[in-house]
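The values are calculated or read from the model by the stated rules, or taken from the named source; none is laboratory data. As the structure is a computational prediction, the values presented were derived from the model and not from experiment. Cβ atoms come from the backbone with ideal geometry, glycine included; neighbour counts cover every protein chain shown.
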Amino acid sequence: MTLHAELALHRAGFELSVSLAVPDGGVLAVLGPNGAGKSTVLACLAGLVRAERAHVRLGGRVLDDGDAGVHLPAHRRGVGLLAQNALLFPHLSVLDNVAFAPRSRGVSKAGARDVARRWLAEVEAGDLADRAPAALSGGQAQRVAIARALAGEPELLLLDEPLAALDVDAAPAVRGVLRRVLRESGRKLTTVLVTHDPLDALTLSDHVAVLAEGHIVERGPIREVLASPRTAFTARLAGVNLVAGVAVRTDTGAAVRTESGLLFHGVPARDLADGDAAVAVFDPGAVAVHPRDVAVVGSPRNVVDAVVTALEPHGPVVRLRTREGLSADLTPASVADLALDPGTPVRLAVKAATVFVHAAPQPPSRRWGRQ
């Protein structure tokens, strides 16, 4: 079922104003920092929270229409919700936990148990049918919760950080189950996924919407958004550097002028104009690190004085982080040769050809209801 939603809500100093569209069978990942409004969006879609202004259509059904006074309760929406915690009924067996969903739709006890067995097999938890929830590990409980959510045959599936509570051993296996159910089984289940983990977004979703302060500031195919981030949050997820400011056209391309007056030169995107809010994006591997007291050799357009704050293992390299918010990747030998430690002053150099300058989202309007 295709999902179209426009939601606006205001409470306790927080404003939410978003519009979402997910095609039939599509998976949309919603990313953003804590407090951005991600879980509130899911709660509104599920009917657990009533927005002041809402227009939500799922296929041919209207779930919310503020103008017409329509607000379907949660149990009539055909929506499945899976949260961080499995929230299994402690007094029911695994089999009857999963059977609860079809039973609530009027299916007979025997028929509901047949459905439950089929879904438990689908999530590779068939051998858990007779266990009590208290006897399950975190990963096993979440598999059962997935089976229960799907046994209700939802037209829309909402996933709220479904892997966040799992340990590093259980999460990959459950992620694989979700991927198979959502992406590889031939089913077309429209899904909205809230997550902090870019790996979840990359492996499970088609498109991404990035929320900040209740507004969508980036959206598009997941790989395109992470390849060309336009906010600091998305840049951190993608593991790249981002310098924000105002676009300035130059004879050789474009630059971002920061609040401090620094010009950061790079290759401009086509949609860039003078005076636009803009960001310069570049990979930590493109940053050369020099001692502060040694002149930079060559002709890099971008040279920044910085102070080392951390040195972190990052695969085969060491990631250097600075007080100025920039990162660089070096070999362990280079770290030793430069005698780098937290507090060491350094000079960073970045060639303009490795920097890409994009228009950035304008700051969200503080006017009620605008996006």
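Do we have residue 190 as under 11 Å from the mean Cα position of the chain (by Cα), modelled with pLDDT of 85 or more and closer than 25 Å to residue 2 by Cβ here?
Details: under 11 Å from the mean Cα position of the chain (by Cα): no; modelled with pLDDT of 85 or more: yes; closer than 25 Å to residue 2 by Cβ: yes.
Answer is no for this residue.
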* Asked: Of the conditions (1) surrounded by fewer than 21 Cβ atoms within 10 Å (Cβ to Cβ); (2) farther than 29 Å from residue 304 by Cα; (3) of a type in the set (A, V, I, L, M), residue 182 fails just one. Which one is it?
  -> (1)
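I'd like to check something: does segment 160-183 contain any residue that is in the same structural domain as residue 77 (by TED's automatic domain parsing) and in a strand (DSSP E or B)?
Keep residues of segment 160-183 that are in the same structural domain as residue 77 (by TED's automatic domain parsing), which gives 160-183.
Subsequent filtering for residues that are in a strand (DSSP E or B) retains 160.
So far as segment 160-183 goes, yes, one or more of its residues are in the same structural domain as residue 77 (by TED's automatic domain parsing) and in a strand (DSSP E or B).
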* Report the residue count in segment 314-352 for those that are part of a helix (DSSP H, G or I) and crowded, with 17+ Cβ neighbours inside 10 Å. => 2
* Asked: Hey, among the residues in segment 287-305 that are touching a strand residue (DSSP E or B) at 6+ places or on another chain (Cβ under 6 Å) and farther than 18 Å from residue 337 by Cβ, which one's surrounded by the fewest Cβ atoms within 10 Å (Cβ to Cβ)?
  -> 305
* Asked: Mind checking which pairs have a first residue in segment 330-343 that is more than 9 Å from residue 289 (Cα to Cα) and a second that is surrounded by 11 or more Cβ atoms within 10 Å (Cβ to Cβ) and hydroxyl-bearing (Ser, Thr, Tyr), Cβ under 6 Å, 6 or more apart or different chains?
  -> 342/309
* Structure fact -> Scanning segment 12-26 residue by residue, the ones that are small (Gly, Ala, Ser) and surrounded by fewer than 16 Cβ atoms within 10 Å (Cβ to Cβ) total 4
* **Test: residue 294 is touching a residue at least 12 places away in the same chain (Cβ under 8 Å) and either assigned to a strand (DSSP E or B) or aromatic (Phe, Trp, Tyr) (or both)** => no
* For residue 209, indicate whether it is buried (at least 19 other Cβ atoms within 10 Å of the Cβ) and either in the same structural domain as residue 12 (by TED's automatic domain parsing) or hydrophobic (A, V, I, L, M, F, W, C) (or both). => yes
* Asked: Any idea how many residues of segment 149-178 are charged (D, E, K, R) and over 16 Å from the mean Cα position of the chain (by Cα)?
  -> 4
* Quick check: anything in segment 337-356 within 23 Å of the chain's Cα centre (by Cα) and modelled with pLDDT under 95? -> yes
